[in-house]
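Please treat every number below as a calculation from the coordinates, not as lab data. Note that the structure is a prediction, hence the values are computed from the model and not measured. So basically every Cβ, Gly included, is an ideal-geometry build from the backbone, and we count neighbours across all protein chains shown.
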Amino acid sequence: MAKKRALITGITGQDGAYLAQLLLEKGYDVFGVVRRSSHAGVFDHRLKWLGIASDVQIFDGNLTDLSSLLRIVEETTPDEVYNLAAQSFVAASWQQPLLTGQVTGLGAAAVLESIRTRQPQARFYQASTSEMFGLIQEPMQSETTPFYPRSPYGIAKLYAHWMTVNYRESFGLHASSGILFNHESPLRGTEFVTRKVTDGVARIKLGLAKELRLGNIDVKRDWGHAKDYVRAMWLMLQQETPDDYVIATGRTTTVRDMCAIAFDHVGLNPDDHIVIDPALFRPAEVEVLLGNPGKAKRVLGWSAEIPLETMIREMVDADLARLRVAV
Ligand code: NDP
Ligand code: GDR
């Protein structure tokens with residue numbers, strides 16, 4: 001049987017790297033869209049970290065350039081397309097609202113158009129997000145909870161989400177959205193709070209820093225592990241019928257308590273090191289997120305396997321190892 005072919009936008013990001021690894025293990029040919037930068041050569045550090053950089057085929061493209069996506073879809077003739085590319089940092093979306101709209105919102109529409117016009121039989125995955133729920137309407141968010149995004153990022157993602165639903169209903173595309181709650185790993189960018197904390201804790205432990213500056217640590221998030229979550233993406237595209245699914249753990253924790261897990265792991269007291277910096281508070285906040293993964297469990301047979309404590313300790317250990325090599 002011919003090998004399946006998967007195209008991943010955002011392959012250099014956290015999820016792109018883990019998804020590429022999963023698909024390679026499953027025997028896929030994996031193609032990735034990478035935007036050109038002056039840092040060519042280091043772009044694939046996450047893929048290198050996983051030891052798969054030479055196993056994926058990279059294509060030069062950008063979500064803001066439809067012509068590049070049309071060309072890449074024509075050249076790769078994918079069976080499955082995973083749209084993970086985005087300006088994904090919520091805080092930055094107030095600084096660059098238009099770019100966020102172009103990449104995170106319109107970019108998804110460009111990927112959908114390139115599939116509709118060049119490869120309509122391909123199955124499509126859209127990286128939707130719990131940020132679309134925003135101002136909380138129900139204590140536990142499911143596929144039927146109304147949306148009320150609170151940031152330019154959440155609004156751009158909501159447009160992409162509805163475009164995915166619309167292309168499924170209008171053109172019969174096999175297009176699914178995963179409404180994923182926060183998921184982390186040692187490959188998480190250091191601007192996101194979990195990795196900022198684990199990196200900061202490792203620095204303090206090694207004597208490279210004294211304090212960790214954070215914003216609002218009373219907010220609550222439903223945190224899972226990226227390795228578990230990319231498995232859910234793949235499962236969605238193996239279903240006969242496309243659909244939308246909430247992917248979450250069903251447990252919520254404050255940033256404060258997540259910090260305690262990281263500091264405890266190296267025998268430090270968070271109160272001695274955390275400094276609250278009002279400049280890091282957001283113009284509008286999503287106070288609490290808690291997902292109901294019931295449908296994913298029922299239909300996909302998926303559930304989160306790696307608990308928060310295990311993940312945070314893994315991240316602290318990875319940061320300690322990385323920093324020890326660097327110093
Ligand atoms: P990352 O920020 O780690 O990765 C984003 C990827 O998008 C990178 O590969 C980046 O490339 C690429 N990208 C950015 N702009 C463009 C562009 N103009 N053209 C082409 N590629 C571009 O995100 P994650 O891996 O954490 O998340 C994957 C997706 O899932 C994102 O869409 C995110 O919004 C969404 N999501 C993430 C969640 C999470 O908790 N991680 C939860 C819910 C949704 P480069 O390397 O060049 O920067
Ligand atoms: P989020 O993740 O905005 O939920 O988006 P992030 O880790 O950035 O923030 C989580 C919460 O922590 C609070 N916070 C801080 N956040 C950061 N980054 N830095 C700080 O110093 C800090 N102090 C407190 C934030 O205010 C926020 O409430 C992530 C991204 O991956 C999105 O792309 C994805 O869609 C959602 O998760 C689900």
query = Which shape class applies to the stretch 166-316: rounded if a/c is under 1.5, otherwise prolate when a/b exceeds b/c and oblate if not, where a ≥ b ≥ c are the square roots of the Cα gyration tensor eigenvalues?
reply = prolate
message = Please list log₁₀ I(q)/I(0) at q = 0.14, 0.21, 0.25 Å⁻¹ for the stretch 50-149, using the Debye equation with identical point scatterers on the alpha-carbon positions.
response = -0.67, -1.11, -1.26
ask   = Which value in nm describes the separation of the simple spin-label points at K210 and T254, placed 7 Å from the Cα toward the beta carbon?
value = 2.6
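What does the highest-first list of 50-58, 230-238 look like by mean Cβ count within 10 Å?
Working: 50-58: 15.1, 230-238: 20.7.
Per-residue mean Cβ counts within 10 Å order the peptides as 230-238, 50-58.
Using only Cα atoms, figure out Rg for the stretch 147-192 and give it as a multiple of 2.2 N^0.38 Å. Provide the component values of the computation, followed by the final result.
On the way: Rg = 13.8 Å, N = 46, 2.2 N^0.38 = 9.4 Å.
Against the empirical 2.2 N^0.38 Å value, I get 1.46 for the stretch 147-192.
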request  = Stick to Cα atoms and the Kirkwood definition of Rh, then tell me Rg/Rh for the stretch 63-104.
outcome  = 1.10
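Please state the shape class of the stretch 128-208: rounded when a/c is under 1.5, otherwise prolate if a/b exceeds b/c and oblate if not, all from the C-alpha gyration tensor. Walk me through the numbers before you get to the answer.
Numbers: a/c = 3.18, a/b = 2.20, b/c = 1.44.
Note, shape of the stretch 128-208 comes out prolate.
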inquiry  = Given the C-alpha atoms of the stretch 196-247, compute the convex hull and give its volume per residue in Å³.
reply    = 103
ask   = Which whole-percent values make up P(r) of the chain when all C-alpha to C-alpha distances are grouped in 10 Å steps starting at zero?
value = 6, 26, 36, 24, 8, 1
